[in-house]
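Only the coordinates and a few stated rules stand behind these numbers; no lab work does. Just so we're clear, the structure is a prediction, and the values are computed from it rather than from any experiment. Here the Cβ positions follow ideal geometry from the backbone for every residue, glycine too, while neighbour counts run over all protein chains shown.
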Amino acid sequence: MVTLGKRAILHVDMDAFYAAVEERENPALRGKPVVVGSEPKEGRGRGVVATANYAARRYGIGSAMPISEAWRRCPSAVYIRPRMRLYAEVSRGVRDIFERFTDLIEPISIDEAFLDVTASRRLYGDGPEIAKRIKSAIRSEERLTASIGCAASKFIAKIASDLDKPDGLVVVEEGREAEFLDPLPIGRLWGAGPKALERFRRLRCATIGDAASLERDVLVRTFGESMGDRFHRLSRGLDERPVVPDHVRKSLGKESTFGEDVADRKVVERTLLDLTEKVAASLRRKHMAGVTITLKLRWEGFETVTRRRTLKEPVNTTERIWPVARELLRAADRPRLKVRLVGVTLSGLDRVESGQSDLFREGSNVDGRVAEAVDTLAERFGSGTVTRAALLPDGEKDAPDDDPEPHESGGN
Ligand code: DCP
Ligand code: MG
């Protein structure tokens with residue numbers, strides 16, 4: 001039997017993030033050195049490198065290097081200006097993947113987060129298994145790679161994620177922390193900046209193991225009570241810090257990638273309706289409603305668009321979300337292309353008291369009552385029990401139900 005450790009913490013860090021996104025968006029870049037930063041003008045450009053892909057790193061190019069220096073090392077690299085909105089969008093998509101596995105997510109930067117998956121293990125398998133699932137979802141849904149460290153603490157998970165980049169998965173089992181840490185260079189110790197490293201050098205500490213073999217007193221005398229104590233504990237692999245979720249959930253969405261690209265728009269709309277129902281139900285369960293509806297559509301060939309509309313007030317029912325999502329879909333769509341992925345996200349989220357959300361307050365109560373009935377049925381019999389025939393595209397209606405709401409027809 002597999003014994004589960006006390007905690008399962010993942011540290012996820014995307015590989016060569018900005019550059020990898022650029023490569024994904026433009027297949028012509030593949031295999032070439034790519035540098036994301038300000039464009040060099042004949043080697044004299046100012047500014048620094050944000051990141052370089054792994055091909056460019058072979059020339060010694062890396063983050064924070066002056067762009068002129070990068071140019072000197074590899075003038076033939078492709079130089080690209082950062083597109084922050086695009087990267088932020090991808091970052092949100094990656095976060096959506098995390099959210100399938102846990103609510104305990106602590107983002108550290110645009111491409112890096114801690115996840116506490118301790119409680120998720122009952123549902124999804126142990127820490128390494130969850131890490132594999134996350135990597136594979138990121139690969140198939142975002143066409144990107146991530147490196148993950150899996151351990152019983154944040155400190156160890158963070159170091160581990162960096163040791164086998166790119167596309168790495170490094171697992172440190174509980175009880176084997178010392179074995180893992182001891183040979184690592186002392187610079188890997190969290191909080192050890194240039195000044196501290198100089199003091200460690202004078203203490204003849206080259207590795208974390210060297211520091212771990214020192215008495216606590218020695219470290220406290222050298223670094224002061226708080227730093228000394230921290231180095232003492234970390235070097236021995238002791239780190240109880242919790243993953244602190246950022247809590248304010250900014251958006252809630254679901255998307256679906258088709259097994260095979262789909263030409264039939266009825267299928268696309270049916271899928272979008274299904275996703276809409278799930279998002280709406282999930283919002284209601286969390287007592288939330290969102291004011292902005294975003295549609296995401298990806299065609300064959302991976303080209304992707306998002307279209308959003310902000311309503312006058314937050315909504316959390318299929319009846320309110322679906323007509324907008326469908327309209328956005330129809331307006332954005334290029335019917336000659338097959339569809340690879342469709343998704344819907346609600347953002348601008350607000351808490352609503354149960355039973356009296358805006359929707360319930362306003363005019364007719366029908367929307368809210370329908371939603372409640374759907375939730376009750378779904379809880380009892382599983383989601384998908386109630387099919388909203390009137391909302392489906394023409395000719396796709398299932399057996400009529402006794403939904404009291406006078407829906408608009410599903411046609412144009
Ligand atoms: N970044 C930046 N300036 C820096 C460091 C990073 O603009 N000095 C940006 C670009 C990176 C992103 O942040 O793509 C993530 O930073 P990482 O340190 O995780 O670097 P990468 O993801 O690019 O590479 P790695 O595979 O080493 O994680
Ligand atoms: Mg990274």
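Arrange the following residues from fewest to most other Cβ atoms within 10 Å of their Cβ: TYR87, TYR18.
Least crowded to most crowded, the residues run TYR87, TYR18.
Using the Kirkwood radius built from alpha carbon pairs, what does the Stokes-Einstein equation give as D for the range 244-332 at 37 °C and 0.692 mPa s, in µm² per second?
It diffuses with D of about 236 µm²/s by this estimate.
List the trypsin sites (Lys or Arg not before Pro) in the range 121-228 that DSSP assigns to loop (not H, G, I, E or B) and whose Cβ has at most 11 other Cβ atoms within 10 Å. Which are they?
Loop-located and lightly packed - ARG204.
From the cross-link list LYS165/LYS296; LYS266/LYS296; LYS250/LYS338; LYS135/LYS278; LYS250/LYS312, which pairs have alpha carbons spaced over 28 Å apart?
Violating the 28 Å limit, Cα to Cα: LYS165/LYS296; LYS250/LYS338.
Tell me the Rg and the Dmax, in Å, that the Cα atoms of the range 137-199 produce.
Looking at the range 137-199, its Cα Rg and Dmax stand at 14.0, 46 Å.
Can you compute the equivalent ellipsoid semi-axes for the range 109-265, i.e. the square root of 5 times each eigenvalue of the Cα gyration tensor, sorted largest first and rounded to whole Å?
38, 15, 15
At 10 °C and 1.306 mPa s, what whole-number value in µm²/s does Stokes-Einstein give for the translational diffusion of the range 211-291, with Rh from the Kirkwood sum over Cα pairs?
For the chosen part, D equals 89 µm²/s.
Label the range 207-359 by shape, choosing from rounded, prolate and oblate, from the square roots a ≥ b ≥ c of the eigenvalues of the Cα gyration tensor; if a/c is under 1.5 it is rounded, and otherwise prolate applies when a/b is larger than b/c, oblate when it is not.
Verdict is prolate for the range 207-359.
What is the distance in Å between the Cα centroid of the range 270-323 and that of the range 133-190?
34 Å
Viscosity 0.890 mPa s, temperature 25 °C: what is the translational diffusion coefficient of the range 1-173 from Stokes-Einstein with a Kirkwood Rh over Cα pairs, rounded to a whole number of µm²/s?
This corresponds to a translational diffusion coefficient of 146 µm²/s.
Using only the Cα atoms of the range 177-235, each taken as one equal point scatterer with no solvent, compute I(q) by the Debye sum, divide by I(0), and report log10 of the ratio at q = 0.20, 0.28 Å⁻¹.
Values, matching the q order: -0.61, -1.27.
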